[in-house]
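Data block below; observations after.
The values are calculated or read from the model by the stated rules, or taken from the named source; none is laboratory data. Just so you know, these numbers come straight off a predicted model, no measurement behind them. Methodologically, a virtual Cβ is constructed for each residue, glycine included, from the backbone with ideal geometry; neighbour enumeration extends over all protein chains shown. Ligands, DNA and RNA are stripped out before the accessible areas are found, and what is left, the full protein with its side chains, is counted by its heavy atoms. Shrake-Rupley method; radii C 1.70, N 1.55, O 1.52, S 1.80 Å.
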Amino acid sequence: MKIKRNDQPQRIVFHPAAAAPVPAEAVPRRGGPLRILGHGLAVLGVVLLSLVILLLGVIVVVCKGPSPTARDLFVTSVTETSAMDFLARICFTQSEVDEILARNAVVAGGSVTQLSGFEQSDKDVPKDTIELLDVYGPTFKGKMMIVHDPSRIKVATLDRYGADLPGLKVEDFAKKYGSTAAVNGGEFLDTNGVGKGGQPLGIVIKDGEFRYGNESTVVSIIAFDDQDRLLVGRMSGKEAKEKHVRDAISYGPAFIVNGEPLEVSGTGGGLNPRTVIGQRADGAVLLLAIDGRQTHSLGASFKDCIDVMMEYGAINAANLDGGSSTMMVYKGETVNSCASMYGSRRLPTAIIVE
């Protein structure tokens, strides 16, 4: 008997092996999950390799190209980043890097703050006032905090220090001391950008007592004496003690000393996130936090920071630890944008506003 479908004769063949249906999941499929994953990883690897090659090409062009300014700006910027300073040595030896840094820096004059009394302010502002203002420049944006009562500025410390001990984040320092505001503080051990933040460098003094360092240590110091006057410049722990320093940390360079801005050569530290402290003639303390390494703000040079602090009336000012450590907290809220992809860093000290 013939069965027709669409008027075409069809042959029906019975095959014993096909009597039982085969489960769909038992049929091997080409291009399974592992194969797809492997293909995806291969594509990702090619893309990453292409990006690395492109990045290296850009670095070589910048470093070996016709523009000395672009070269120096690149080197000074990346060498202030503990996690990326190796990029400068792709094209240059360490001695060449050191030479570039020496040509693009604050010219140290050796001056130290000469102490005097505060002048009468011409502004009728209550003593407990804290102002928070926006600052802008061609390559940066940031926040300026003006604390009208300098006695509220203190150094916050850890209970114990050590390379294997963790530091505290700026916001945690603020919570620990119950402070109104806080910014990051002084220098610390941060090998390859992965330090735990529990080991300061130089000197740490709180309430007139050495918490780290000693009288023989000579460093760039940022300190307040027992009359709430800001001192900046290089001095020994002994000199700090003789000047009746109540709170101090170590970092630098000094930017303004006794009303005089220091000279900056070349690109002056490159474009980076910055934290700066200063004091006006009337005693008000200036805390500056500048964002950097981000699309909305590339960062500021040393000269940029000096210009901003002079504009706001600083007679003494100095550079605090910046980069990915730059952080400003006010009333429990972070008011700047941290450059670190991991968020606020752990640090051994902070500057707080009680």
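Take the residues of segment 246-261 that are under 23 Å from the mean Cα position of the chain (by Cα) and assigned to a loop (DSSP other than H, G, I, E, B): which is surrounded by the most Cβ atoms within 10 Å (Cβ to Cβ)? Result: TYR251. The one condition from (1) acidic (Asp, Glu); (2) within 16 Å of LEU133 (Cα to Cα); (3) open to solvent by less than 20 Å² (accessible area, probe 1.4 Å) that GLU333 does not meet is (3).
When you scan segment 198-213, do you find a residue that is assigned to a loop (DSSP other than H, G, I, E, B) and polar (S, T, N, Q), even just one? Give the steps one after another, and end with the answer.
So the first thing to find is which residues in segment 198-213 are assigned to a loop (DSSP other than H, G, I, E, B), and the list is 198-199, 201-203, 207-208, 213.
From the residues that got through so far, the ones that are polar (S, T, N, Q) too are 199.
Yes, the conditions are met somewhere in segment 198-213.
Are any of the residues in segment 82-94 part of a loop (DSSP other than H, G, I, E, B) and closer than 23 Å to ILE306 by Cβ? Scanning segment 82-94, I find no residue that is part of a loop (DSSP other than H, G, I, E, B) and closer than 23 Å to ILE306 by Cβ, so the answer is no.
Rundown of residues vs (1) among the β-branched types (Val, Ile, Thr); (2) open to solvent by 10 Å² or more (accessible area, probe 1.4 Å), yes/no style:
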| residue | (1), (2) |
| --- | --- |
| LYS196 | no, yes |
| PRO200 | no, no |
| ARG211 | no, yes |
| VAL218 | yes, yes |
| ASP225 | no, no |
| LEU230 | no, no |
| ALA240 | no, no |
| HIS244 | no, yes |
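Annotation note: of ILE315, ILE277, the sole residue that is in a strand (DSSP E or B), aliphatic (A, V, I, L, M), within 23 Å of THR129 (Cβ to Cβ) and open to solvent by 10 Å² or more (accessible area, probe 1.4 Å) is ILE315. Taken as a whole, the structure places MET327 among residues that are touching a residue at least 60 places away in the same chain (Cβ under 8 Å) and either among the aliphatic types (A, V, I, L, M) or under 15 Å from THR81 (Cβ atoms) (or both).
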